[in-house]
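The values are calculated or read from the model by the stated rules, or taken from the named source; none is laboratory data. Predicted, not measured: the structure shown is a model, and the values here were computed from it. Reconstructed Cβ throughout: ideal geometry from the backbone, glycine too, with neighbour counts over all protein chains shown.
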Amino acid sequence: MATKQKTEKVVVMSKISRDRYQELLVLLSKSTNHSMSALIRQILSNRPVKCRTYDQTYDRVLEGMHSIQMEIQEIAVNVDQMVHDVLVNSGTPKDRKMARRLEGKLKEALWKLEVLEKMVQGHFGT
């Protein structure tokens, strides 16, 4: 069974300016490190510091698009009900033909909405 050799740890202290400390705090808030000590150890050992940035504008855009999509769905349901009513209750062939054309256009619009939604999800990765 292999045993690990224990390395002696030494405490290092330093004074830095407030501006530099603020820079480190900003870096710490963006980095994957959980403490200032871990961040400084990473910097002192010349290892890259990984930072993560989260852009909330995408969330707002997606929420807005979802809201619009829900409104379009409501409109689609209303139009579908009207088309059904025309097809069931109307006796003229002209009205039925117009209702079927309207129904086709509505299905086309909903299909395009789905394509747009998939494109946005693919772009934003949601």
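Structural remarks
- For Y21, the requirement of being of a type outside the set (K, R), within 31 Å of the chain's Cα centre (by Cα) and part of a helix (DSSP H, G or I) is not met.
- Set I40, I68: member being modelled with pLDDT of 75 or more, out of contact with any Leu (no Cβ under 7 Å at 6 or more places or on another chain) and surrounded by 13 or more Cβ atoms within 10 Å (Cβ to Cβ): I40
- Single unsatisfied condition, V88 versus (1) touching an Asp or Glu at 6+ places or on another chain (Cβ under 9 Å); (2) farther than 30 Å from H123 by Cα: (1)
- Selected residue (only one of N33, N46 is in contact with a Leu (Cβ under 8 Å, 6 or more places away or on another chain), assigned to a loop (DSSP other than H, G, I, E, B) and not assigned by TED's automatic domain parsing to the domain that holds E117): N33
- The residues on offer are L87, L113, L106, and the sole one that is more than 30 Å from T57 (Cα to Cα) and within 31 Å of the chain's Cα centre (by Cα) is L106.
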